[in-house]
Amino acid sequence: MKRFIFLLVVTTLLLAACAPSVATTAQPAATNPPVVIDATAVHGEFDINNWDSVLSAAKGQTVNWYIWGGSDSINAYVDNFYGTALKERYGITLNRVPIADTADAVNQVLSEKQAGKEVGAVDLIWINGENFFTLKQADMLYKDWAQQLPNSALVNWDNPAINLDFGNPVDNMESPWSSAQFQFIYDSARTNADDLPRSYTELKDWACANLGRFTYIAPGPGGFLGTRFAKGALYEISGGAEQWQKFDQALWDQHSSALWDYFNELEPCLWRNGETYPKDESELVNLFANNEVDLSMTNDITGAGRWIADGRMPKTARAFVFDNYMIGDFNYVTIPLNAPNKAAALVLANLLLEPEFQAAQILPENGFGLGYAIDVNRVTDETALSALQSAASQLGDTATPASDLANSLVGDSAAEYQNLLEQDWLKFVLQSQ
């Protein structure tokens with residue numbers, strides 16, 4: 001029963017991601033007369049309603065997947081699993097294009113639009129949030145494709161966690177890849193689980209009772225987990241999460257000062273008195289592993305599992321969540337309007353939803369560590385269902401209990417709050433020291 005509950009949880013997680021959301025927001029192209037791109041001229045002849053014609057058009061193509069390249073383990077997972085399968089099954093070559101942040105790919109597409117290039121360089125982007133919305137507003141996304149993928153039948157498109165991306169309708173222009181939820185990590189060998197804080201209010205009290213044993217990642221580009229941590233605090237301080245699903249400047253003005261009061265009151269209790277903050281998850285993991293702080297952070301469904309597998313955390317590391325306001329989301333792939341190899345991009349997007357790869361992606365040893373994008377209740381093939389159940393059962397004690405994830409889960413805020421929060425944290429917390 002616990003395995004079944006876990007599967008239900010991981011398929012309803014909201015984010016993520018996680019990795020695409022570390023990106024800075026792309027900048028819109030300069031205003032010029034609009035460039036009209038003929039999508040059919042770009043991707044060649046196929047009928048998206050006839051999957052065999054898509055496969056035929058894709059054979060021999062190279063799909064240029066622009067993907068955040070900051071994790072060696074994720075890079076290896078992509079190459080070894082998807083690259084091999086694309087070549088062996090479909091005769092498609094995967095060209096993984098590593099980027100520092102997702103905005104780089106978005107700006108590439110916007111620049112191509114500005115230059116009037118009907119055939120661009122980008123076939124597929126790992127994306128979510130503001131970067132998706134930027135391309136959508138620029139009318140540079142291939143339309144009406146996501147729910148035409150054969151494996152899209154396994155996706156619960158009725159779930160607003162999936163059909164809304166940071167509050168923006170997906171509108172059949174991106175397909176989910178995986179899910180993530182914010183969690184904390186502690187070492188059970190040095191911290192008693194009964195003593196852990198279970199809310200942001202309790203966290204401040206805990207940090208000040210254990211001076212210097214806690215810090216958080218600086219919100220901002222590269223510090224996505226820090227931004228997500230701060231958003232959770234905003235939810236608790238303002239009394240709820242749902243009100244933040246649509247942007248409201250007046251709502252921000254009403255509650256943001258209390259948020260900065262919270263962080264400024266927390267600051268003297270932090271590691272090094274809050275004079276400096278880890279810039280990303282890896283730096284925080286190092287502090288945790290070196291016994292400089294007692295808590296780390298993660299978005300991985302595996303909890304501490306991936307870091308234990310990497311040898312960077314002790315085997316006694318465990319994940320946990322607060323009782324509420326633990327933000328989760330889905331992350332996606334999208335196809336630019338001027339993608340040169342749309343058929344191959346469609347095949348790859350469909351492959352990402354294949355149950356065998358969905359099962360593989362949650363296992364720590366494979367290096368990805370994010371949750372399912374598909375609804376396992378829609379999987380009718382017994383072999384595929386068995387693989388999904390087996391993978392979930394292998395996560396063990398290093399992962400947050402499924403019931404805790406479910407009880408604490410909330411959605412992310414509207415995309416407009418992202419930059420607003422990050423910029424104001426710099427102004428009212430970091431620079432106010």
- Taking the range 239-262 and keeping only residues that are buried (at least 16 other Cβ atoms within 10 Å of the Cβ), among the small types (G, A, S) and either at pLDDT below 95 or farther than 19 Å from K427 by Cα (or both), one is left with A241
- Message: On the basis of being of a type outside the set (V, I, T), under 30 Å from N377 (Cα atoms) and in contact with a Leu (Cβ under 9 Å, 6 or more places away or on another chain), does L154 make the cut?
- Response: yes
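Out of S175, S188, which single residue is within 30 Å of D144 (Cα to Cα) and hydroxyl-bearing (S, T, Y)? Show your work before the answer.
Numbers: S188 fails: within 30 Å of D144 (Cα to Cα).
Step by step, each of S175, S188 is checked, and only S175 is within 30 Å of D144 (Cα to Cα) and hydroxyl-bearing (S, T, Y).
Would you please name the residue that is farthest from A57 (Cα to Cα), looking only at residues in the range 325-347 that are in a loop (DSSP other than H, G, I, E, B) and touching a strand residue (DSSP E or B) at 6+ places or on another chain (Cβ under 7 Å)? Before you say what the answer is, go through the steps one by one.
First pass over the range 325-347, keeping only residues in a loop (DSSP other than H, G, I, E, B): 325, 335, 337-341.
Narrowing further to those that are touching a strand residue (DSSP E or B) at 6+ places or on another chain (Cβ under 7 Å): 325, 335, 337, 341.
Details: Y325: 46, I335: 16, L337: 17, N341: 9 Å.
Checked the range 325-347; the qualifying residue farthest from A57 (Cα to Cα) is Y325.
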- Which of (1) assigned to a loop (DSSP other than H, G, I, E, B); (2) more than 30 Å from L295 (Cα to Cα); (3) of a type outside the set (A, V, I, L, M) is the odd one out, the single condition P197 does not satisfy? (2)
- Query: Taking the range 198-254, which residues are more than 23 Å from N168 (Cα to Cα) and among the hydrophobic types (A, V, I, L, M, F, W, C)?
  - Reply: L203, W206, A207, C208, A209, L211, F214, I217, A218, I237
- Query: Residues in the range 58-68: is at least one assigned to a helix (DSSP H, G or I) and either modelled with pLDDT of 95 or more or more than 18 Å from G120 (Cα to Cα) (or both)?
  - Reply: yes
- Message: Please go through the range 133-151 and give me each residue that is closer than 30 Å to T380 by Cβ and not hydroxyl-bearing (S, T, Y), ordered by number.
- Response: K143, D144, W145, A146, Q147, Q148, L149, P150, N151
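Could you please let me know if W206 is more than 17 Å from N286 (Cα to Cα) and assigned to a strand (DSSP E or B)?
Values: more than 17 Å from N286 (Cα to Cα): yes; assigned to a strand (DSSP E or B): no.
Considered against the rule, which asks whether it is more than 17 Å from N286 (Cα to Cα) and assigned to a strand (DSSP E or B), W206 comes out as no.
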- Task: Would you confirm whether any residue within the range 408-428 is charged (D, E, K, R) and touching an Asp or Glu at 6+ places or on another chain (Cβ under 6 Å)?
- Result: yes
- Hey, among D72, D101, D139, D123, which residue is modelled with pLDDT under 95 and either closer than 19 Å to P176 by Cβ or in contact with a Pro (Cβ under 9 Å, 6 or more places away or on another chain) (or both)? D101
- Read through the list (1) in a loop (DSSP other than H, G, I, E, B); (2) closer than 24 Å to I74 by Cβ, then give the number of the only condition that N350 fails. (1)
- Query: Any idea which residue in the range 179-199 is farthest from the chain's Cα centre (by Cα), counting only those that are at pLDDT 95 or above and buried (at least 21 other Cβ atoms within 10 Å of the Cβ)?
  - Reply: Y186
- Message: If F133 meets every condition in (1) within 30 Å of Q243 (Cβ to Cβ); (2) touching a Leu at 6+ places or on another chain (Cβ under 6 Å) apart from one, which number is that one?
- Response: (2)
- In the range 260-282, which residues are closer than 13 Å to I217 by Cα, free of Cβ contacts under 8 Å to residues at least 24 places away in the same chain and not β-branched (V, I, T)? S282
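Of all residues being surrounded by fewer than 22 Cβ atoms within 10 Å (Cβ to Cβ) and aliphatic (A, V, I, L, M) in the range 298-312, which is modelled with the highest pLDDT? Just the residue, please.
Initially, the range 298-312 is screened for residues surrounded by fewer than 22 Cβ atoms within 10 Å (Cβ to Cβ), giving 308-312.
From what's left, aliphatic (A, V, I, L, M): 308-309.
On the way: I308: 93, A309: 86.
Step by step, filter the range 298-312, then rank; the result is I308.
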- From the set of residues in the range 42-57 that are of a type outside the set (D, E, K, R) and outside any helix (DSSP H, G or I), which is surrounded by the fewest Cβ atoms within 10 Å (Cβ to Cβ)? N49
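Do you know which of the residues in the range 230-280 that are small (G, A, S) and assigned to a loop (DSSP other than H, G, I, E, B) is nearest to the chain's Cα centre (by Cα)? Spell out how you get there, then give the answer.
Here is the first cut: in the range 230-280, the residues small (G, A, S) are 230, 232-233, 238-241, 250, 256-258, 274.
Add one more test, that the residue is assigned to a loop (DSSP other than H, G, I, E, B), and what stays is 239-241.
Values: G239: 25, G240: 22, A241: 18 Å.
Across the range 230-280, the extreme among qualifying residues is A241.
The values are calculated or read from the model by the stated rules, or taken from the named source; none is laboratory data. These figures come from a predicted structure and were not determined experimentally. Cβ atoms come from the backbone with ideal geometry, glycine included; neighbour counts cover every protein chain shown.
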